[in-house]
Amino acid sequence: MATNRDDPAGDATARRIALDDAGVARVLFGPGHQHLQLLEQVAGIRVTTRGTELLLHGEEERTALVGELLEELYAMAREGRALVASDVEHAYRVKAADRTVHLRDIFLDTVCVSYRKRPITPQGLGQKRYIDSIREHDVVFGIGPAGTGKTYLAMAMAVAALKDQAVQRIVITRPAVEAGERLGFLPGDLAQKVNPYLRPLYDALHDMLDYEAVERMLERGTIEVAPLAFMRGRTLNDSFIILDEAQNTTAEQMKMFLTRLGYQSKAVITGDVTQVDLPSGMASGLVQARRILDGIPGIGFCLFTERDVVRHPLVQEVIKAYERFEAARATEPGGSAGGRRNGQR
């Protein structure tokens, strides 16, 4: 790929990008030039094509950013990386936040490959730091809003560790705390009552492993999904353990969980401290653990923000709107922001 700011058609302000492989160019452009249209929308520039040649029209700094982005995406596509619209959007957000970041270091870092042969990779710098922290530390806390990939990537790392025989089993758990609903009205014992709340964890598993494989592993105990109450008194060796929705643990439950860790094991604890469902006045074990354990060697903390959300773009706006609302409420006479309830700071 060659880049030149001269436009042979007469637009001296256009940034010209000449591509040397028509097949790879089609991957870069996307179906019906969808990827280019997306970049026009998010970057506020105009992109025109002439065969395999691209012309970027607009403010110089923005066209320079998009030019660098397209060059890096083109190089990744040449190496066989499939591109979808969400990849292009996430890549733009990464480069817009930090021009020095190399996209290949993020988007070509394959955590594992799903049974559908789809590579699972980080979708941003925050996710990249998260998986690197899991590789480096035995205990990692992933704290941040919904949609940042905390649980999904932890599951991908667990599946990869199991496939590589780095661990002998995966243990997935979460506290049995209702989000405004009552478990007591559900039929069955505690395990059956909490099973619907574990559904997102099963969904992530089935996205990475085929249904029959998951069922066999569940039957053999290679994969165990259970409410947190079932962890008491156990020692988990040779295991990759995921505690999800950890903001709803009490201080005692969090201490109990962390002391289950055995030899050759890893634990990843995920949660969103802005969505605590514990009774009013009860401190969140996740919030307390962050204060107590920060700085201990072998324990990593990864903090996500709305910029790391990889769901629909409106999710970012929803999170920011609620943050503004809580901040405004905290400044009112007698007000109390949701982020400060349950012992949070």
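Numbers at a glance
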quantity	calculated
Considering residues of region 246-290 that are open to solvent by 40 Å² or more (accessible area, probe 1.4 Å) and in contact with a Gly (Cβ under 6 Å, 6 or more places away or on another chain) only, the residue farthest from residue 197 (Cα to Cα)	283
Top-ranked residue of region 110-150 - restricted to ones that are in a loop (DSSP other than H, G, I, E, B) and among the polar types (S, T, N, Q), ranked as most open to solvent (accessible area, probe 1.4 Å)	110
Near pairs, Cβ below 7 angstrom, 6+ apart or cross-chain, from region 280-307 (over 23 Å from residue 128 (Cβ atoms) and of a type in the set (Val, Ile, Thr)) to any residue that is at pLDDT below 95 and surrounded by 15 or more Cβ atoms within 10 Å (Cβ to Cβ)	287/273; 287/343; 287/344
Subset tally (residues that are assigned to a loop (DSSP other than H, G, I, E, B) and out of contact with any Pro (no Cβ under 8 Å at 6 or more places or on another chain)) for region 251-273	7
Residues satisfying the stated conditions in region 40-71, i.e. under 19 Å from residue 100 (Cα atoms) and not charged (D, E, K, R)	43, 63, 64, 65, 66, 67, 69, 70
Members of region 214-231 found to be open to solvent by 10 Å² or more (accessible area, probe 1.4 Å), in contact (Cβ under 8 Å) with a residue 40 or more places away in the chain and farther than 14 Å from residue 162 by Cα, listed by number	225, 229, 230
Selection from region 232-279 of residues that are small (Gly, Ala, Ser) and free of Cβ contacts under 8 Å to residues at least 12 places away in the same chain	233
Region 291-317 - residue that is among the aliphatic types (A, V, I, L, M) and modelled with pLDDT of 80 or more and, of those, surrounded by the fewest Cβ atoms within 10 Å (Cβ to Cβ)	296
Some residue of region 128-151 being touching a residue at least 60 places away in the same chain (Cβ under 8 Å), under 14 Å from the mean Cα position of the chain (by Cα) and closer than 18 Å to residue 210 by Cα	no
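The values are calculated or read from the model by the stated rules, or taken from the named source; none is laboratory data. Nothing here was measured: the structure is a model prediction, and the numbers come from that model. With ideal geometry, Cβ positions are generated from the backbone for all residues, glycine too; neighbour counts draw on all protein chains shown. Just so you know, the surface numbers come from the protein's heavy atoms only, side chains and all, with ligands and any DNA or RNA stripped out. Shrake-Rupley method; radii C 1.70, N 1.55, O 1.52, S 1.80 Å.
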